[in-house]
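Let me begin by presenting the structure, written as structure tokens, before commenting on it.
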Amino acid sequence: MAATLIAASAGIIFLLGVIHLVYTFVGPRLHPRDIALTAQMKQVSPNITTHTSMWCAWLGFNASHSLGAMLFGATYVFLATNHPQLLMQSGFLLSQGLILLTAYLWLGARYWFSVPFRSIAVSTVLYVSALIAARAG
């Protein structure tokens, strides 16, 4: 039961990562509503370097964020479905998953909009439920 809950939790995060990656490169969903701002982002570089633009950095940050969510999701789904004993007996893996989900939940509440925040909240509830079920079993 606990491994199934973790797989469901991780599956939500994986799906969010896939959707975010698609939205990063396909269509205008993650573009500024102000076209002039997009043009300015393509011309201005961040203070750290002149070898990129804010637009390229924006795309890279969004893509790497997506890949991180996908890696977490794929890894924890794999572990929960193929090596549940290893996962459920590893305090390190279980705590790392909880830390990441808690961080995503905080970021979602602080900086994002309701859909990813609610989805991450559901994922976190499933994950914590898995931890409780594992302790009870």
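Ignoring the sites themselves, what is the longest stretch of the chain with no chymotrypsin sites (Phe, Trp or Tyr not before Pro) in a DSSP loop and at most 15 other beta-carbon atoms within 10 Å?
Working: sites that count: Trp112, Phe113.
The segment 1-111 is the longest one with no such site.
Nearest 500 deg cm²/dmol is fine: what mean residue ellipticity at 222 nm does the chain get from its DSSP H runs of n ≥ 4 alone, each adding -39,500 (n - 2.57), divided by its residue count? Spell out each step's value before the answer.
On the way: 6 runs with 111 residues, N = 137.
It comes out at -27500 deg cm²/dmol, rounded to the nearest 500.
Ignoring ligands, DNA and RNA, what percent of the accessible area of the chain is carbon or sulfur (1.4 Å)? All intermediate terms of the calculation are to be shown ahead of the outcome.
On the way: 5900 of 8620 Å².
C and S fraction of accessible area: 68 percent.
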**Study point:** Using θ = phi - 60° and Karplus 6.51 cos²θ - 1.76 cosθ + 1.60, couplings along segment 19-34 (whole Hz; Gly, Pro as x)
**Key:** 4, 5, 5, 4, 5, 5, 10, 10, x, x, 4, 9, 8, x, 5, 8
Point to revise | Of Ala63, Ala80, Ala39, the one that fluctuates the most in a GNM where the chain has Cα springs shorter than 10 Å | key: Ala39
Practice item. Leaving out ligands and nucleic acids, note down the accessible area per residue over segment 1-75 with a 1.4 angstrom probe, in whole Å². Key: 63
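The values are calculated or read from the model by the stated rules, or taken from the named source; none is laboratory data. Remember, predicted model here, so these are calculated numbers, not experimental data. Note that we place each Cβ from the backbone using ideal geometry, even for glycine, and neighbour counts take in every protein chain shown. For accessibility, only protein heavy atoms count, side chains too; no ligands or nucleic acids. Shrake-Rupley method; radii C 1.70, N 1.55, O 1.52, S 1.80 Å.
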